[in-house]
1. Mean separation of Cα pairs under 8 Å and 6+ residues apart, divided by the residue count of segment 145-287: what relative contact order is that in percent?
2. Hey, what does the equivalent ellipsoid look like for segment 94-181, semi-axes from the Cα gyration tensor as sqrt of 5 times each eigenvalue, largest first, whole Å?
3. Determine the dipole magnitude for segment 145-287: charges of +1 sit on the beta-carbon of Lys and Arg, -1 on that of Asp and Glu, nothing else is charged, the reference point is the Cα centre, and the result goes in debye to the nearest 20.
4. What is the Cα centroid distance between segment 145-197 and segment 1-60, reported in whole angstrom?
5. Sum -39500 (n - 2.57) across every DSSP H segment of at least 4 residues in the chain, then divide by the residue count to get the 222 nm mean residue ellipticity, nearest 500.
6. Treating each Cα of the chain as an identical point scatterer and ignoring solvent, apply the Debye formula and state log10 I(q)/I(0) at q = 0.13, 0.15 Å⁻¹.
7. For the chain, what is the charge dipole size about the Cα centre, in debye to the nearest 20, if Lys and Arg each add +1 at the Cβ and Asp and Glu each add -1 at the Cβ?
8. Of 196, 53, 82, how do they rank once you tally other Cβ atoms within 10 Å and put the fewest first?
Amino acid sequence: MKAAILVEQKTPLIVDDVELPDKLQYGQVLVRIICSGICGSQIGEIEGVKGPDKFLPHLLGHEGGGIVEKIGPGITKVKVGDHVVMHWRKGLGIESETPKYRWGNTIVNAGWVTTLNELAIVSENRLTPIAKDIDFEIAALLGCAVTTGFGVINNDARLKIGESVAVFGIGSVGLNVIQGASLVSAYPIIAIDLYDHKLEQAKKFGATHIINASKDDVVSEISKIVGSNGVDVAIDNTGNAKVIELAYEVTAAVGRTILVGVLDKKSKVSIQTLPLHFEKRLVGSHGGSSFPTVDIPNYLKLINSASVKVKEMITHRFSLKNINTVLEEMKKGNVGKCVIEIS
């Protein structure tokens, strides 16, 4: 099967044939992947944002839609033929050992789920079955972009009706943060990014105000919208130290700053900590604290009722062989949410 392999950090991925293990272990499921999302987390892995990678070479991808081909011992949550969402957050089921593939004479590692490969051995608790009429692109985005964005609103920020929110970085997670904020009737919902095309898309997902940080002074513009006290909630999706400091600065004295993007291990931020001794909060998010087994069926109800947009956030579709082109275009900010058509 074809797979995208990270062989060395800060280098292009290699798309080549890898071999599956001979048999499935306890709690493992073989999934044929139809499509995969791709996001900043993959760029972070390649660039070594969290430091040296001790698992090289390995496969990548953490949000996908696919079909169960085979199940290993102990499996009760899915069956052969099921359509599934593949997600990196834990759901119900067994957490299996992670698989090892072969690439010639080399062992290739993988996590509990990977999606940038034609076939994947996945831990049962990283799969949620869905109805067979659900579009596989929607399934892929439910694996992270939607569940993370909505989880940030519901679980991390606990945003309430009428509260103000500023969202820094309008990728797919940022769009769903905005969409989630709109669903709970927050106001105003301020989108901040460097690119006009992303800000225009943000308006379609519920942003009431937009700020291009490459052209305007963000602090001044936010003050014009909400006053000098700042926003109730500021959410950073960039993982950029200066943007994190800015998000914290524009957060009200009794507000919440939520960090979704991961800061490079070599970077540090400088903030005034005194407000944290009172009612200001600084919170790191881990996938929006989502629980896929419960959240995915709930969000599908909203999608089916046309209350939530998913496919509308996709701007480009690529084949697996063009994975490095996708990554470069993402780093340049030229594309929005990309889907990789695997099978």
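1. Numbers: 307 pairs, mean separation 31.8, N = 143.
About 22 percent, as a whole number.
2. Values: eigenvalues 217, 45, 33 Å².
Largest first, segment 94-181 gives 33, 15, 13 Å.
3. Values: 14 positive and 14 negative charges, 55 e Å.
Result for segment 145-287 is approximately 260 debye, rounded to the nearest 20.
4. 29 Å
5. Details: 9 runs with 84 residues, N = 343.
Calculated at 222 nm, the ellipticity per residue is -7000 deg cm²/dmol.
6. Per q value, in the given order, log10 I(q)/I(0) is -0.96, -1.23.
7. Working: 37 positive and 37 negative charges, 73 e Å.
Dipole magnitude for the chain comes out near 340 debye.
8. Working: 196 12, 53 15, 82 18.
Final ranking by Cβ density, sparse to dense: 196, 53, 82.
Every number in this text was worked out from the coordinates using simple rules, so none of it is lab data. Source: prediction; values computed, not measured. Don't worry about glycine lacking a Cβ; one is built from the backbone with ideal geometry, like all the others, and counts go over all protein chains shown.
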